[in-house]
Amino acid sequence: MEKSGSWPADSPWIRDAFAARPRHWFAPDRLWHWDGRAYVPIDRETDPHRWFDEVYAGPDRPAVTQITDGVPSSSLSCPAIIADMLDSLMLEPSHRVLEQGAGQGLNAALLDWRAGPGLVTTVEIDPDLAAFARDRLEAAGAQVMVRTGDGAAGWPDGAPYDRVVSTYAVESVPWAWIEQTRPGGRIVTPWGRLGHVALTVASDGKSATGWMQGLATFMPSRTAPEVRRSWRQVRGDDGPADDEHRLALSPVRLGDGNALFVLRVCLPDVEVFTRTEDDRAVTGFLHDGRSSWATLTSCGDGAARAAQGGPRRLADEVKRVLDGWARQGEPSLYDFGMTVLPDRQFVWCKDPEAGPYALPGEERPGAGISPTRSPIDGRR
């Protein structure tokens with residue numbers, strides 16, 4: 001963390017909390033490691049050195065603690081991401097805190113170290129994880145209230161809270177979180193599996209507004225409806241693409257975090273990922289989780305051969321968004337923010353009063369609705 005510059009300068013307490021509540025205290029005896037083909041178990045009893053290496057693999061490496069149907073369903077998050085989100089939370093001693101998603105209890109233990117005993121409530125939907133977190137927190141001397149339930153509903157019995165933080169990604173920020181946070185309180189949550197946002201609740205409690213804080217991939221809420229198909233399922237084996245043409249878009253662009261974020265905002269149902277081959281050629285893959293797909297294969301001159309199928313032309317849609325974003329000067333993730341109202345939420349760029357983000361020449365959706373301005377403190 002020191003070598004990578006991952007300790008937040010504005011929150012020196014975080015480093016002390018990490019030292020006081022070590023990561024391995026909250027790791028189960030079995031972890032899971034991706035070997036390039038599948039997740040394989042690593043057991044502390046039979047291979048303790050490898051187990052410790054997995055726990056402390058690096059600031060940007062999570063430790064997978066649970067596999068469900070072949071995919072990760074819980075983990076100890078990357079240390080650098082934990083630190084960044086705690087910094088964004090702007091937590092102070094004596095704050096009352098609600099955490100959504102206890103997992104193994106590590107994040108709640110760090111919150112407890114800062115806020116003080118008996119001030120942190122964590123909600124976990126998985127009863128087994130809740131029991132594990134409760135045991136580990138008690139062993140660590142953390143006085144955290146562990147509750148079993150759906151984090152989307154918050155935990156009204158302890159409201160109002162000064163701080164609310166989620167350890168899983170939501171597509172829409174639940175209004176219950178705003179209702180249970182005091183005016184001026186702060187909410188930090190991953191959004192859209194791609195980054196996290198820090199929201200400040202307005203003085204009248206009727207909105208929450210704030211800036212994007214960072215870019216990372218988070219596991220989704222377990223209660224979110226999962227109807228999406230994978231790229232391979234969407235692509236299928238039905239023969240060649242029904243459209244192929246040259247496109248002035250390098251697949252390398254799809255690996256840029258800021259580009260991925262603006263695509264997430266403008267094309268929320270489109271999933272984008274890239275693969276680098278042995279010859280360093282980059283291929284981009286796009287799909288909408290239902291019936292449309294595309295690939296972008298580099299031509300080596302800043303262009304790509306686009307192959308696409310289904311009712312939508314996803315490669316062309318992506319190019320349209322990135323071209324419009326470029327005409328705006330390619331604002332970064334940190335130029336964007338979010339406003340949450342009782343009946344809707346939207347992402348804006350540079351100014352919360354500007355309304356929902358739109359590309360040049362396109363109608364700004366909902367531009368006539370002016371969000372209630374909420375207080376934004378000096379730190380985004």
TODO: Starting from the stretch 169-191, take each residue that is in contact (Cβ under 8 Å) with a residue 40 or more places away in the chain and more than 21 Å from Ala102 (Cβ to Cβ) and list its partners that are surrounded by 15 or more Cβ atoms within 10 Å (Cβ to Cβ) and polar (S, T, N, Q), counting only C-beta distances under 7 angstrom and pairs at least six apart or across chains.
DONE: Ser172/Gln345; Gly184/Thr200
- [ ] Among the candidates Thr209, Thr181, Thr200, Thr189, single out the residue that is among the hydroxyl-bearing types (Ser, Thr, Tyr), buried (at least 21 other Cβ atoms within 10 Å of the Cβ) and under 15 Å from Ile82 (Cα atoms).
- [x] Thr189
TODO: State whether the residues of the stretch 117-132 include one that is among the small types (Gly, Ala, Ser), in contact (Cβ under 8 Å) with a residue 60 or more places away in the chain and out of contact with any Lys or Arg (no Cβ under 6 Å at 6 or more places or on another chain).
DONE: no
- [ ] Evaluate the following for Gly141: is it in contact with a Ser or Thr (Cβ under 7 Å, 6 or more places away or on another chain), modelled with pLDDT of 95 or more and on the phi > 0 side of the Ramachandran plot?
- [x] no
- [ ] Please verify whether the stretch 52-64 includes one or more residues that are in the same structural domain as Ala19 (by TED's automatic domain parsing), touching a Cys at 6+ places or on another chain (Cβ under 6 Å) and in contact (Cβ under 8 Å) with a residue 24 or more places away in the chain.
- [x] yes
TODO: Considering (1) over 30 Å from Gly210 (Cβ atoms); (2) at pLDDT 95 or above; (3) crowded, with 16+ Cβ neighbours inside 10 Å, say which one Asn107 fails and leave the rest.
DONE: (1)
- [ ] Test Val71 against the stated conditions and say whether it is surrounded by 14 or more Cβ atoms within 10 Å (Cβ to Cβ) and not assigned by TED's automatic domain parsing to the domain that holds Thr276.
- [x] no
TODO: Sort out which residues of the stretch 113-164 are among the small types (Gly, Ala, Ser) and within 24 Å of the chain's Cα centre (by Cα), and write them in order of number.
DONE: Ala115, Ala130, Ala133, Gly149, Gly151, Ala152, Ala153, Gly154
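The values are calculated or read from the model by the stated rules, or taken from the named source; none is laboratory data. The structure displayed is predicted, hence computed values, not measured ones. In this analysis, Cβ positions are derived from the backbone assuming ideal geometry, glycine residues included, and neighbour counts consider all displayed protein chains.
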